[in-house]
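Comments concern the structure below.
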Amino acid sequence: MTDAAPPARRLRFGIRVKLFAAVLGVTAMTLLGGGVSWLTYDAVEGLLGVVMGQSFPRVTNALKLAEASSRLTAVLPSLDLAEHHLQRETTAFALQQQGQRLKRLLDQLGRTPSGRSDEYTELRTLIDTLTTNVTQQDSLAERRLTFQQRLMEAQDALQRLRIDHRAALGGLMPDDATGVPPLPATAPLMEALRLVEMLFDRLARGESATQADAVASARRDFVQHAARLEGLSASLPPGPEHEPLRAVVHAVAALGSGEGNLFDIREGQLRLQPEIAALTRQNHNLIARVSIIVGRLVDGAEAEAQRSSARAEEELQAGRQLVLVITAGTVLGPMLFLWLALGRGVVARLKALARAMREIALGRLDTPIPVSGNDEITEIAQALTLFRDSTRRQRDRREVNEHT
C-alpha cells in the first residue's frame, strides 16, 4: 500500500499579511490623495498662470487700447478746428503720439495668442492708415491756416484801401469848410470813382463767396472793370491831386489780379474744403471701425479671463471633491477592512476556538472544531483537532484495556 500524497500547500494569507495590507492600503490612499491634490493644484497653477500671464495682461492692454483709441477720437477733430499753427502743431504731435501708442499696445496685445489674428491684422492696417491720414490732415490744416491768414491779410489790405480811397476822394472833392474849390467833376473822373467802388464790391463778393463759381464770376467782373479803370486812370490829367486816386487804383487792381490775389486765396480755400471734408469722413469711418474692433477685443479678453477663472474654480472644486472622497476612503476603508478581516475573520474564529477548547477541557472530546481560512488561526485549529483526536484515541484504548 503506497503512502497518500501530501495535500497541496495553499497560498497562505496570514494575519500579518492582512495587517500589512491594511497599513499598505492606508498608505496608498494617503499617497493617492496627495497625488490627486498635487495634480489638481498643478492644473490650477497652470490655469492661474494663464490668467495672470495672458488673460489679465490681455484685458489690461485691451482696455489701454480702448482708452488710447478714445483719446485719438477725442483729439482728431481738434486738428480741423485749430485756430493757429502752434495749436495745429501741438494737436498733430499729440495725434502722432496716440497713433504710436496704439501700435505699441496692439503689438503687446498680439503677443498673447487669442485666435483673433485677423482682427489684429485689420486693426493694424486701420491704425497705419489713420496715422497716414493724420499726417495728410495736418498738411491740409496747415494749408487751411495759411489761406486763412492770407485772406485776413487781404481783408486788412482791402480795408486800408477803402480808407485811402475815402481820403483820395476827400482831396478831389473837399467840403465847403476847407475853402478849397473842388476839382471839376469830369466824366472820366466820375467813371473812375464809380469803377473803384465796383471793384471794392467785387472783392467783397469774392471774399464772402461760398461757391467756386461765385468767386470766378466776381473775378471776371473785377478783371473787366479793372482794365477799364486802368485806362481811365491813365487818361486823368497829370497833377498831384490825382496821384492818391491813381495809387488806390493800382493797389486795388493788384489786390484782385496780382500774384496771390484775393480771388486765388478764396478759390484755394474753397478747393481745400472738400478735401478736408473727405479726409475727415474717412477718418471718422476708420475711427468707428477701430472702436468696433477694439470693443470686440476688450470683450474677448474679458470673456477669456472669465473662462480661465471659471476653469480654475472648476478644477479647485473637482480637486476638493476628489480629496474628500479619498479622505473618506482613507478613514473608512481601513475601518471596514479591520471589521471584516480582523473582526469577523480573526476575533470570531478565535472565540469559536476558545469555546471548543473549554469543551475539550471539560472532557467533551466529540466537540467540533471550526477549521477555516489559511492563516495562523487555521494552524491553531488544526493543532487543536490533532490534540482532540489524539486524546480521544488514548481514551478509547484505555477503556478497551479496562474491559479486557
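The values are calculated or read from the model by the stated rules, or taken from the named source; none is laboratory data. Only a predicted model underlies this, so the values are computations on that prediction, with no experimental measurement involved. Neighbour counts are summed over all protein chains in view; Cβ atoms, including those assigned to glycine, are modelled from backbone coordinates with ideal geometry.
Let's see how each residue does on (1) at pLDDT 75 or above; (2) at negative phi; (3) more than 60 Å from the chain's Cα centre (by Cα):
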| position | (1), (2), (3) |
| --- | --- |
| A310 | yes, yes, no |
| E314 | yes, yes, no |
| V323 | no, yes, no |
| G329 | no, yes, no |
| W339 | no, yes, yes |
| L342 | no, yes, yes |
| I360 | yes, yes, yes |
| I377 | yes, yes, yes |
| Q394 | yes, yes, yes |
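Note down all Cβ pairs under 8 Å where the first residue falls in the range 134-145 and is farther than 9 Å from A92 by Cα, the second is among the small types (G, A, S) and modelled with pLDDT of 90 or more, and they're at least six residues apart or on different chains.
R143/G268
So if I check each of D389, D299, which one is without any contact (Cβ under 8 Å) to a residue 60 or more places away in the chain, part of a helix (DSSP H, G or I) and within 60 Å of the chain's Cα centre (by Cα)?
Of D389, D299, the one residue that is without any contact (Cβ under 8 Å) to a residue 60 or more places away in the chain, part of a helix (DSSP H, G or I) and within 60 Å of the chain's Cα centre (by Cα) is D299.
With the requirement that a residue be surrounded by 14 or more Cβ atoms within 10 Å (Cβ to Cβ) and under 15 Å from I265 (Cα atoms), what does the range 187-211 give you?
R202, L203, A204, R205, G206, E207, A209
Which residue pairs have Cβ atoms under 7 Å apart, sit 6 or more places apart or on different chains, and have a first residue in the range 351-367 that is more than 15 Å from R392 (Cα to Cα) and a second that is of a type in the set (G, A, S)?
L353/A381
Considering the range 54-100 alone, what residues qualify as being of a type in the set (K, R) and at pLDDT 85 or above?
R88
Considering A348, A361, which residue is among the small types (G, A, S) and surrounded by 11 or more Cβ atoms within 10 Å (Cβ to Cβ)?
When all the criteria are applied, what remains is A348.
Tell me which residues, restricted to the range 353-377, are part of a helix (DSSP H, G or I), small (G, A, S) and more than 18 Å from D389 (Cβ to Cβ).
Of everything in the range 353-377, just one residue is part of a helix (DSSP H, G or I), small (G, A, S) and more than 18 Å from D389 (Cβ to Cβ), namely A354.
Regarding L145, is this residue touching a His at 6+ places or on another chain (Cβ under 9 Å), surrounded by 15 or more Cβ atoms within 10 Å (Cβ to Cβ) and assigned to a helix (DSSP H, G or I)?
Spelling it out, L145 is indeed touching a His at 6+ places or on another chain (Cβ under 9 Å), surrounded by 15 or more Cβ atoms within 10 Å (Cβ to Cβ) and assigned to a helix (DSSP H, G or I).
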